[in-house]
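Quick notes on the structure that follows.
The values are calculated or read from the model by the stated rules, or taken from the named source; none is laboratory data. Only a predicted model underlies this, so the values are computations on that prediction, with no experimental measurement involved. All Cβ positions, even for glycine, are placed from backbone atoms using ideal geometry, and neighbour counts span all protein chains on display. Heavy atoms of the whole protein, side chains included, go into the accessibility calculation; ligands, DNA and RNA do not. Shrake-Rupley method; radii C 1.70, N 1.55, O 1.52, S 1.80 Å.
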Amino acid sequence: MKKLSLLVFLILTSFLGYSQHGEIKSAGAMSEMGRNNFAPNISLDTLKKYPRIFGLGPLGKMQGEITLVDGIPFAGKADLDGKASIQKEWDVKAPFFVYGEVEEWESFPIDGQVTSMADLEKSIEQVALSKGFDLSKPFVFKISGEFDLMVTHIVTPRSEEFSGFKSRRNQENYTHENESGELIGFYSQIGKGIYTPQNSNIHIHFINDAQSFTGHLDKIETKLEGVIIYLPKRKKEISFKTTDTDFSKGRLGFQQEVGLDDMVKFHGHLCDGLVVGALGLNEALETLFPDGLIDRTDLRIVSKSSPCLTDVAVYLTGARYQFGTFYVDDAIEGLYVVQKISDGSTYQVNLKDGVKPSAIKEMEILAVQKELSDCQLLELRNLEDDFTQFLLDADAKEIFQIKAIDGFEWKPVLKGDFIKTDILNKNAGSCSL
Ligand SMILES: [Zn+2]
Ligand SMILES: [Zn+2]
């Protein structure tokens with residue numbers, strides 16, 4: 001029995017994966033910039049349109065350091081005396097730059113201590129790994145707290161034509177003791193020489209709490225007590241592995257992976273019903289197919305009449321009305337009754353009581369009666385979107401209930417008089433408040 005539940009758990013993880021959040025992009029390359037006389041490869045203002053963007057790179061022709069924090073561009077510069085200053089400016093260029101958007105962070109405490117950049121890299125890897133990150137994919141992180149000792153630098157111009165130039169000076173170094181602030185960093189195993197140094201997987205800038213200094217982190221020695229690491233919140237990805245026949249008269253074995261996006265294309269839009277259907281049906285399918293592969297030639301299903309639920313049912317099971325493998329019946333208990341034809345095992349899929357907000361239920365009834373105003377329709381849409389997000393964040397085991405049914409009587413009532421409720425308001429106006 002223990003073995004079985006472990007198996008079921010492993011399969012759950014294969015059906016519902018997590019996507020690493022946020023794509024990391026870069027322009028130019030650290031190892032090339034010197035050869036190209038620090039020619040600009042990106043104008044920062046092209047990133048202005050992303051409100052939650054983070055990024056790092058040198059400023060202009062090595063005139064300082066850029067640290068882009070949550071959509072705010074900080075440019076740190078060193079003057080002739082080595083005094084550091086900071087300016088917020090978009091109208092700047094960089095010879096190389098790495099950047100990525102973060103919609104939402106998740107925070108984790110870290111402990112122990114680090115005595116080198118390599119140690120810090122290891123600590124970041126440990127936290128990310130324990131949170132299920134795939135380290136082969138680059139990601140952005142933040143670390144906030146008070147740090148015992150850090151050494152940072154701000155690069156300085158290499159030619160007289162730029163202010164701040166001083167012969168035989170490439171950078172100004174700064175020592176920070178017991179200073180609080182944030183480390184903004186990028187982790188990447190594939191960015192060496194591009195946006196991380198040749199010998200490291202991390203590139204980090206420090207910005208102090210007062211936002212009066214930003215520079216590139218070279219050394220760190222600190223206890224990690226009270227230090228928090230932030231990683232991008234990852235989104236749940238719904239994906240299913242299916243097997244079908246390999247041509248019109250072919251054999252079973254053609255495998256594909258289908259996801260929520262595919263269902264959206266088939267159904268017409270993303271909605272809470274689609275997500276309810278996919279997550280709920282997944283609970284039954286992972287029990288029917290312990291190897292994680294849904295055989296769409298071996299299923300039949302009864303669905304409630306909702307346009308969203310019925311679309312998920314036919315899409316994921318391969319069952320069809322015309323072959324007597326699919327029918328719609330509002331008299332069944334729950335959302336679906338799904339059956340593996342070859343062995344007769346049958347499961348009923350229920351969304352637990354109270355999971356779907358009653359406000360949505362009430363408004364849906366009115367919408368079907370076409371009694372919602374344009375603005376009330378917008379309100380309903382927002383409620384449904386919130387519920388969709390709730391479903392994607394929830395633990396499916398907590399909100400769905402799967403019940404094995406013995407001796408289920410398959411009695412297709414083939415009728416076509418259900419109301420397609422998702423097109424009733426298709427000519428409604430838009431809400432102007
Ligand atoms: Zn840097
Ligand atoms: Zn829908």
**Report entry** One residue from Lys137, Lys131, Lys77 being of a type in the set (D, E, K, R), more than 18 Å from Thr156 (Cα to Cα) and out of contact with any Phe, Trp or Tyr (no Cβ under 9 Å at 6 or more places or on another chain)
**Finding:** Lys137
Requested in this report: Please state which of the following conditions Phe390 fails to meet, knowing it meets all the rest: (1) at pLDDT 95 or above; (2) farther than 19 Å from Thr297 by Cβ.
Outcome: (1)
Query raised in the report: Can you tell me which residues in segment 266-294 are open to solvent by 30 Å² or more (accessible area, probe 1.4 Å), at pLDDT below 95 and more than 24 Å from Lys356 (Cβ to Cβ)?
Result: Pro290, Asp291
**Report entry** Residue list for segment 172-193, restricted to those being surrounded by 18 or more Cβ atoms within 10 Å (Cβ to Cβ) and either of a type outside the set (Gly, Ala, Ser) or assigned to a strand (DSSP E or B) (or both)
**Finding:** Glu172, Tyr174, His176, Glu179, Gly181, Glu182, Leu183, Ile184, Gly185, Phe186, Tyr187
Report summary line: Of Glu364, Glu333, the only residue that is over 29 Å from Leu252 (Cβ atoms), in a helix (DSSP H, G or I) and either of a type outside the set (Gly, Ala, Ser) or in contact (Cβ under 8 Å) with a residue 40 or more places away in the chain (or both) is Glu364
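Can you tell me which residue among Ile220, Ile238, Ile207, Ile228 is within 13 Å of ligand 1 (Cβ to nearest atom) and of a type outside the set (Ser, Thr, Tyr)?
Values: Ile220 fails: within 13 Å of ligand 1 (Cβ to nearest atom); Ile238 fails: within 13 Å of ligand 1 (Cβ to nearest atom); Ile228 fails: within 13 Å of ligand 1 (Cβ to nearest atom).
That would be Ile207, the only listed residue that is within 13 Å of ligand 1 (Cβ to nearest atom) and of a type outside the set (Ser, Thr, Tyr).
Picking from Phe186, Phe254, Phe206, which residue would you name as being free of Cβ contacts under 8 Å to residues at least 24 places away in the same chain and away from ligand 2 (no atom under 16 Å from the Cβ)? Steps first, answer last, please.
Numbers: Phe186 fails: free of Cβ contacts under 8 Å to residues at least 24 places away in the same chain; Phe206 fails: free of Cβ contacts under 8 Å to residues at least 24 places away in the same chain.
That would be Phe254, the only listed residue that is free of Cβ contacts under 8 Å to residues at least 24 places away in the same chain and away from ligand 2 (no atom under 16 Å from the Cβ).
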